[in-house]
Structures are given as structure tokens and as C-alpha cells.
Amino acid sequence: MPMLLLMFFVLLTACSLRGWTAEARGPKAPDFPSNFTWINTPRPLSYRHQLKGQVVLLDFWTYGCINCIHMFPVLDRLQRHFAKQPLVIIGVHSAKFANESLPRNVRAAVMRYKIDHPVVVDENMQIWKAYGVNSWPTFVVVGAGGHIDGSVAGEVSYRTLRHAISAELQYDKRHHLLAAKPLIFPPRAREFSATGLAFPGKVLAVAKLKRLFIADTDHNRIIETTLPNQHGAARLIAIFGNGKKGRGNGAAADCEFNSPQGMTLLGHILYVADTNNHLIRAINLSNDTVKTVLGTGSEVFDFSGGAAGTQQGINSPWALAGRGHTLYIAMAGEHQVWRMDTRTLVASAFAGSGYEGLQNGVGTSSEMAQPSGLALGGDELYVAEPEASAVARINLKNKSVRTIVGHGLFTFGDRDGPANSALLQHCLGVAIYGKHHLLVADTYNDKLRLINLQTRRVTTFAGTGTPGTGHPGGGVKFAEPSGLSVLGRTIFVADTDNQRIVMINGLTGQWHQLIISGLPLKEPTAVASHLATRLVAASSILVHVKAGTPATLTAQLKVPAGTHLTVGVPISMRISGIAGKVFYESTINSKGHSVASFLLPAGLPAGDWLAEVYYDYCTNGSMGECIPASCSWKITVRPGVKHEINLLLSKAIFQGLIP
């Protein structure tokens, strides 16, 4: 991603200022291939048909790019400003990493970042090449007549893009090229997980408090629970954040965050990297209040620092680590690691020059690539650098920066072996494991990797390299794991795209999905207005289970004609009591089949329970419109004779959202 804010390929703003003429029109815009996957639109778009008469702003992006992420609020603002005019914003997702090219993963990223405009999955970067693009992000303005009239690369200001679009609309109106009205794209429903979490980015286990903290990133909140038992069951302690995007301080229920990520505990203060707010927040666990300790609330490009508290601007803090009165900050947006004194709140650059790269050196003479994970071990600070698929260490005494694994911005893969030849793919998290090992959340490889710091060898620790969930009693799978925390030999993983936290016994390999009793579920929003609810009753089911043995609950997942279950998207089950107590949660990986079976553990207590299954189905064809659905049953558990338990499943209801 470019370091400079503006790199003009065509003098877009200059053209806007001088007023364009018909003779100044650019070349004809290449149309989109007809067979590519589209998201957030019911049909593929074409300049010859749907887009005729519309001014189009193309955003060439890739979802792991921090500069691209920075532009989403700008695009949302532009969309609101020009809502009544014939402007269409189209995201062209041209992947850098192999994992980013999969439509399933692009769709998850669109949901994670709450992108509402149409997105086309640019297979093999064909659209990228046709437009002559060479960096992320790049913006291209296509006039209502279908001609390219300007392009600009880098993080562009709202004012610049608004001015260029306004000039284009005025020109096209004068020349009678504009359509009479804008295209309308109905909002899409969001996928939903039974865990109650939404794309959690980081997790932190604290032994002395016996607490687990979760950055529930897409819900804009921090969740505090007890440490789970051996079966993964934990109890909700507190929720910090009301769920709204914002910067408000105050009590736990009233404060606000915006896509929080990394956390670390110093004393009784939990520090939080409030990423999209460009702030560091402090949660006082003694009185459950939140305040801002660093940042202005705006993205700032300052590669030195030196000011204190809210006078010092920062840029997309993604991970934290701390010791004593020193807080280390992975500043993803500036490709640096910063250091803050928690007493004076003075913060400054510690390592990395601000140029994106993979260059060893001392302090700010080195180059880093979007640092997003930190781990302290002795006198070393370990850093995950996803844009270089690398892990580096910083010596805290002499500030020397040395790469352990990684070869450059465009060298990545999935290969074990000696560190100087091993390959990772966009790794987002690191954690100390034992005395001589470092665990790595190898995000785009859907794995956990283990680096032996003595022998400098890299091995696969967990995961198969293909996205999934695994099943109880078998091996675990992940979908873009991003955060790690270790207590002894217990490993906690923020399994981001599976929208869950996983607990792994590092010695046995046994794992459990975290169950948070008392965590209220948040239903998905932005349900399309053209969807209606249909309820279909099913037959009652009677299951006989011997006491002390598990049972299998099989759900028939119905979908409307012309749709299919989404292959690879998790199917979640949650069993909860009337009072909200959660007994069981599980996730399986959809294979596109209509029947999903969940293995229930032994010991479901007598009483009335509610079993809910959440899944998604997609419309057929290349557009891939995904719609959430659910099944629910009332479960009555009563003691049976001869040490049996009867599970009476009744009132089976299909609650699909049907076009």
C-alpha cells in the first residue's frame, strides 16, 4: 500500500477545477466480465445496461490492507452525500493474498466492514489489469457516458473525492448524459452466530484475575468473562460498550468503541486498542469506567510523536503489550511500533520508519509492514507483520529489529521448516508459548504455527490449512484466526471469521468452543425490506438418551427454491434456558447439505430449553446474495426410567427470510 497520501495517475482534481470538456474525456471504461461473483447486488452490473447514465466511483481494494480499511468511512460519507444523485460506488476486490481471492472470504470481509455498496470479486486481477491499477487503494471515476475521467491512488480525502464526483455530475448533467434517478440497492441481512460474538479480533486471558477479555470487534465492545472450565463454559462478568460506533467515555453500559482490537492489562487498567477510532482507551476494572488516554480521534500521520495523551494523534492501533509503566502499541496504520509511558501518557515511535517494508535496523531506521500482533518475552518484543507475512523481534534494550520469518511484501505461502525458508500468509497474532516457543496466528492459512526460538524451525501446531470449524472429538479448524492468548498450556484463539473463541489444550490437542452463559444475543440488522418471514411447523421428535452419554441432534435445514446452503459458512447451534443460561454452543462447517448434525454433551439438566440453529443460504448464480435463517425447537428434558433421559423436541419452526 502506498506511503504517500496522494499519487495521481490522472490529474483528477486539476481536471475538476478547470471544468471538463467533451474533448477531455478519457478512454472508454472496460466493462466487467459477465461471470464474476458480485456481492450486495441481485445481478451483475454493466456499463451498457444497469450503469448507463450513472457516474461510477471504482474502489480497488483488498481486505487485508489497512489503507483500504481507512477509506471505508470516506466511501460511506460519499454515499450518503450523493444518495439522491446517479452515483454508484463499486468495490473492485483485487486480492493481494491467495486467501483474499476466495469469494467466501471476500463476502465475510464485506460483512465484517459493513460495506453496503456493490462489490465485484476481481478474479486473477483481470479488472485491475484492464484499468492499469498498480496499488491499493486506487479510485477511478467513470463518467455517465462510460469514459474514465480520473484516477487517484492512496488514502484520498473526502473533500477531494467529493469535489471530483460533483464536477463529473455537473458535466454529465450539462451534456444530458445522466440517468433520471440513482440505482437503488436494497440493504442485505447480516449473518448471525449463536456465540453472540461478531468477528472477534483479539482475546486476552489473565491468570491473576481469573478473567478472559474478548474484543467483540464488530459489536464495538469488550466482553469480560470468567476463565472457562475444562469444557469451555464461562460466565459473563461485564460488557464495556453499548454497541454503537463512537468515542464516548463513561460507565461500561454507556461508553462507545469503534472496532476494538488488542488489549493488555497493567495493574487494574485494561488498555484497549480502539482501532477505527485511532485511540487508546483505558478500562478501570475497579469501577468499570472507560476513558481515552491517547489519540485525537482522527487518523493522524505522525511518524515521530512526542506529545501526551489526547494531544498526540495516532493511526489505527491494532495490538498492545505492556510491562510496568510502559505500553507498546502496534500502530498498523503507520507501519510502526510505538511506546507510551502510562504515567505521563507521552507516546512516540519506538521502531519502524513509517515506510512499509521488511527491513532490519535499529529503532526507527527499520521498516515494518502493518504490525498487528505483539507479544512480550523477556527482553524481546515479538511483532506480527501481516502485509509481509512476517514475524520480527525487537530487542528492548538496544532497539534492534530482526526478522525471524518472512521474506518481503509479496512473498507468502504455507511452508514449514527452517525459519529462513518457512512461509506464512498474513499473520495477525503472536503469543509466547512455553520457554522457547512462539505461537503465530497464521491468519490467511487458517492455522496456528509454532516457531522454536532456539532451533528457529517453524511447524504447524493446529488447523489444516483449509477454512472450517472442526468437530468435537476431532481436530480443530479455523477461519482466519487473528488473536492469541496463552495461560500455561491452554491456548485461547480469536477465530475471527467463525465468530467464536476457541480454547485448546496444547498438550492433548482437545479443544472447545467458548460458551458464555448470560451473554445476550444481538440479532442481525439491515434486513432487506423485500424479505418476508415464513413459519413452517414440523413434527415433534423424541430422542432417548442414556444418562451420562452424549446425544446427536439432527436439524433439517430448509431453504427456498432457487437457493442453496452456503458451502463453507459455519452453521451454529445454541441451547439456552428460559432465564438466558447457555448450556451448549457449537459450530460446524457447512458442506452445502440440507441436514446438520450436532453432538450434544451428556448432562443436559431437566427443564425447558430452547435449541436454535443459525445458518445462511444463497441465491443461485454468480451474485451470491446471502440471507440468514434459523430453526428453533423447544426442548423438554425430563428424567426417564432406567437411567434414561427423554429429549422431547417440539414446535420445530423454520424462520427463513424468503424473497
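Excluding residues on the same chain fewer than 8 positions from Lys181, give the aspartates and glutamates whose Cα lies under 17 Å from its Cα.
Once the sequence-local aspartates and glutamates are set aside, what remains near Lys181 is Glu168, Asp172.
Kindly work out what percent of the DSSP beta bridges joining two residues of the stretch 7-174 are antiparallel, to the nearest 5.
So the antiparallel bridges amount to about 60 percent of the total.
Structure shown: which of Lys202/Lys244; Lys84/Lys244; Lys114/Lys477; Lys210/Lys397; Lys202/Lys245 lie over 21 Å apart, alpha-carbon to alpha-carbon?
Working: Lys202/Lys244 19 Å; Lys84/Lys244 26 Å; Lys114/Lys477 25 Å; Lys210/Lys397 32 Å; Lys202/Lys245 18 Å.
Beyond 21 Å: Lys84/Lys244; Lys114/Lys477; Lys210/Lys397.
Report the calculated FRET efficiency for Gln170 and Ala130 (r = Cβ-Cβ distance, R0 = 30 Å), to the nearest 0.05. Before the final figure, lay out the partial values.
Values: r = 28 Å, r/R0 = 0.92.
After rounding to 0.05, the efficiency reads 0.65.
Note down the nm distance, to one decimal, between modelled labels 7 Å out along Cα→Cβ at Leu487 and at Ser298.
4.2
Extension gain Lys210-Ile184, at 0.36 nm per residue separation less the Cα-Cα distance, in nm?
Numbers: separation 26, 0.36 × 26 = 9.36 nm, distance 5.04 nm.
Result for the pair: 4.3 nm of gain on full extension.
Extension gain Asn360-Lys28, at 0.36 nm per residue separation less the Cα-Cα distance, in nm?
115.0 nm
Which percent, to the nearest 5, of DSSP beta bridges fully inside the stretch 324-388 are antiparallel? Don't skip to the answer; put the middle values down first.
Values: 16 of 17 bridges.
Restricted to the stretch 324-388, the bridges split so that about 95 percent are antiparallel.
Once phi is turned into ³J(HN,Hα) by the Karplus curve 6.51 cos²θ - 1.76 cosθ + 1.60 with θ = phi - 60°, what whole-Hz value does each residue of the stretch 261-267 show in order, with x for glycine and proline?
After applying 6.51 cos²θ - 1.76 cosθ + 1.60, I find 10, x, 9, 8, 10, 10, x Hz.
List every residue whose amide H lies under 5 Å from the amide H of Gly470, counting only residues 5 or more places away in sequence or on a different chain, with H placed 1.01 Å from N in the peptide plane.
Lys477, Asn589
With θ set to phi - 60°, apply the Karplus curve 6.51 cos²θ - 1.76 cosθ + 1.60 along the stretch 280-291 and write out the HN-Hα couplings as whole Hz, x wherever there is a Gly or Pro.
Couplings: 10, 10, 10, 9, 7, 6, 6, 10, 6, 10, 10, 9 Hz.
Could you name the lysines in cross-link range of Lys208, using Cα to Cα under 24 Å and dropping any fewer than eight places away on the same chain?
Lys291, Lys435
Starting from 0.36 nm per residue, how many nanometres of slack lie between Ser157 and Arg415 once their C-alpha separation is accounted for?
88.9 nm
Quick one: Karplus J couplings for the stretch 124-139, per residue in order, coefficients 6.51, -1.76, 1.60, θ = phi - 60°, nearest Hz, x for Gly and Pro?
Coupling constants for the stretch 124-139: 6, 6, 5, 5, 3, 5, 4, 9, x, 7, 9, 7, 9, x, 10, 10 Hz.
In what order do Lys477, Lys634, Lys591 fall by count of nearby beta-carbon atoms within 10 Å, going from fewest to most?
Ascending Cβ contact count within 10 Å gives the list Lys591, Lys634, Lys477.
Readers should treat all values here as calculations from the given coordinates under stated rules, not as data from a laboratory. Everything quoted here is computed from the prediction, not taken from an experiment. Neighbour counts run over all protein chains shown; Cβ positions are idealised from the backbone, glycine included.
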